[in-house]
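Take a look at the structure set out below.
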Amino acid sequence: MRHLPLALTIAALLTACQPGAQQPAPDPSKPTASATAFAFDEANVTDLQRQMVSGTLTSRALVQAYLDHIAAIDDAGPTLGAVIETNAQALREADALDAERKAGKTRGPLHGIPVLLKDNIDATPMVNSAGSLALAEHRPKTDAFLVAKLREAGAVILGKTNLSEWANFRSTRSTSGWSGRGGQTKNPYALDRNPCGSSSGTGSAIAANLATLGIGTETDGSIICPSAVAGLVGIKPTVGLVSRSGIIPISVSQDTAGPMARSVADAAALLTAIAAPDANDPAASERRDATPIDYTAHLKPGALEGARIGVVRKLMGYHPDTDAAMERAIAAMQAAGATVVDAEIPTLGKWDADEFEMMLYEFKDGLNAYLAGSGAPHKDMAALIDFNTRHATQEMPFFAQEIFERANAKGPLTDKAYAAARDKARRLAGPEGIDAALEKQHLDALVAPAMSPAWPTDPVNSDHFLGAGYSAAAVARYPSLTVPMGSVHGLPVGLVFMGTAWSEPRLIELGYAYEQASKARTPPKFLPTLLPEAPGATR
């Protein structure tokens, strides 16, 4: 969905309520017109670079193809609603990179590769709105640090993706993938299913081949969840590995950006480009060795041989078909030479209340600082609450802003209650949680199902969330990596790997080895809905 000015957006919403000609119902057993052949379906960075090096492809041609594909299936066809705005300068950027290549200069593996960014990341000349109509005209004057690194690496910024508004931190009854500015993003595997959030648009867009690579952000699950339900690889880095400067924040303790891609290799190439110390990010100093890492050097197909993997079975049991997929993943890892044992995070879930309390404090502090520093049209959270109240028909048609209101009532970060909640949550999830589990059985990583299969989107009753395996790593500020592990009735499910701080290289090794052993990703079919399958269709 393209960006519209506020007045036009309101008019469009009102127009949508008018009666019109009834359209014939789609056949739920057949893919929509979407799935027309696209020359770059499932294209990866290595193959695209090979074509550009040989002269059979230019970045301009690639960018134009993706723009056309966005028009064909995001704006029309199944109308995924994944892309909220395209970059008006994308073709110009591609031309400049093609000229550099012609002159004998290439910047690296991402030279000329189109990337989509979640719409909470500053990237000129586009709007950065967090999906809110309150920021629908907010155009930051500079790029976020990670966007500058992408451009240095030769990536073309293709556009911005829709998200769960305010990164799913406005209401306890929110619907993932919905924003006032972007509307509802659909899941390309079944269009009435939810894309999870908050990096919903990035997940659906990359799964649907609307770009080569995507960037999401996560506070607790917002890279892993949408990647898992879209059959993608998602990397949630250790906090501080990737800069947060120029990203609309929730939590300075837990926020991070990270890659979302169709393969571990592509995700590793993207992480290599964006992992860099930022003097303006307070978490960057926690990384003792800032030597650049080529994460693609850790694509080792035999890495499971001799590895010790711990299965956190308390993060299972909420969906029998997901559990069955997990058992097949365990068998695949064992067949590849891993020792797989049951493991326990002794403090599992005990951090929940403290995490939420910490996030309320940090959201107010961080958002107010971002609004003031970026020249946004609203000065603070109180002004946003007022905007939402005045535009409730457009901004709050199904759910309210109780999280905003609770956060705005919090005091400064000097409050003792804040520091106590922050320190307790980190300790329980990190040293006394993941680290304790790893050390007890000398494990390389913990694994669990990333998520249940996608649920039907229901704005009235909100998300139907069954369970997930990623939260410990998010609260500990440690890395996690999800890899497709199969599907349940045509809906993807993922396997999440979790490790200690700064263990991205090892997680990439293990995730890549599992990916090569399982080959579990399947492209979406854009089905309108799911129908009962023949026995044995779950894999």
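Cα convex hull of region 214-293: mean projected area in nm², to one decimal? Write out the running numbers ahead of the final one.
On the way: hull surface 20.1 nm².
Taking the Cα atoms of region 214-293, their convex hull projects to 5.0 nm² on average.
Which pairs in the list K141/K379; K149/K519; K379/K410; K118/K141 are over 20 Å apart, alpha-carbon to alpha-carbon?
Working: K141/K379 17 Å; K149/K519 31 Å; K379/K410 17 Å; K118/K141 17 Å.
Cα-Cα > 20 Å for K149/K519; rest within.
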The correct pair for region 394-474, radius of gyration to one decimal and Dmax as a whole number, both in Å and from Cα atoms, is 18.1, 53
antiparallel share of DSSP beta bridges within the chain, to nearest 5, in %, is 65
When the charge dipole of the chain is computed with +1 at the Cβ of Lys and Arg and -1 at the Cβ of Asp and Glu, the Cα pointing farthest to the positive end, of T175, Q64, L510, is that of Q64
Heavy-atom accessible area of region 54-111 with neighbours in place, 1.4 angstrom probe: carbon+sulfur share in percent works out to 55
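Based on the alpha-carbon set only, what is the convex hull volume of region 383-539 divided per residue, in Å³?
Details: hull volume 28.3 nm³, N = 157.
Normalising the Cα hull of region 383-539 by residue number yields 180 Å³.
Taking R0 as 35 Å, what's the FRET efficiency between A420 and A369 from their Cβ-Cβ distance, rounded to 0.05?
Working: r = 22 Å, r/R0 = 0.63.
Using R0 = 35 Å, I get an efficiency of 0.95.
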Mean accessible area per residue over the chain (1.4 angstrom probe, all protein chains present, square angstrom) is 37
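Once the convex hull of the C-alpha atoms of region 165-248 is built, how many Å³ does it hold per residue, rounded to a whole number? Numbers along the way, then the final one.
Values: hull volume 8.8 nm³, N = 84.
So the per-residue hull volume is 104 Å³.
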Output for region 399-503: chymotrypsin sites (Phe, Trp or Tyr not before Pro) sitting in coil per DSSP, at most 15 other Cβ within 10 Å, listed by number, reads F465
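Rounded to the nearest 500, what is the chain's calculated 222 nm mean residue ellipticity when only DSSP H runs of at least 4 contribute -39500 (n - 2.57) each, over all residues? All intermediate terms of the calculation are to be shown ahead of the outcome.
On the way: 18 runs with 185 residues, N = 539.
It lands at -10000 deg cm²/dmol.
Quick check: at a probe of 1.4 Å, how many percent of the accessible area of region 390-539 sits on carbon and sulfur atoms? All intermediate terms of the calculation are to be shown ahead of the outcome.
On the way: 3330 of 5980 Å².
In region 390-539, the share of accessible area belonging to carbon and sulfur is 56 percent.
Count neighbours as other Cβ atoms within 10 Å of each site's Cβ, and list the trypsin sites (Lys or Arg not before Pro) in region 105-193 that are DSSP loop with at most 15 such neighbours.
Working: sites: K105, R107, K118, K141, K149, R151, K160, R170, R173, R181, K186, R193; in loops: K105, R107, K141, R170, R173, R181, K186.
For trypsin sites (Lys or Arg not before Pro) across region 105-193 that sit outside H, G, I, E and B with at most 15 neighbouring Cβ atoms in 10 Å, the list reads K105, K141, R173.
At a Förster distance of 41 Å, what's the computed FRET efficiency of A37 paired with R390, Cβ-Cβ distance as r, to 0.05?
Using R0 = 41 Å, I get an efficiency of 0.30.
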Sorted largest first, the C-alpha extents of region 248-294 along its principal axes in whole angstrom are 30, 27, 12
Looking only at lysines whose Cα falls under 18 Å of K416's and that sit 8 or more positions away or on another chain, we get K364, K424
With bins of 20 Å, the percent of all Cα-Cα pairs of the chain per bin from 0 is 24, 60, 17, 0
Of every hundred units of 1.4 Å-probe accessible area on region 228-343, the number belonging to carbon and sulfur atoms, as a percent, is 54
In the neighbourhood of R92 defined by beta carbon distances under 14 Å, the net charge of the other residues (Lys, Arg +1; Asp, Glu -1) is -2
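The values are calculated or read from the model by the stated rules, or taken from the named source; none is laboratory data. What you are looking at is a predicted structure, and each value in this text was computed from that prediction instead of being measured. Here the Cβ is made from the backbone with ideal geometry for all residues, glycine too, and neighbour counts use every protein chain on show. Surface areas here come from the heavy atoms of the whole protein model, side chains and all, with no ligands, DNA or RNA. Shrake-Rupley method; radii C 1.70, N 1.55, O 1.52, S 1.80 Å.
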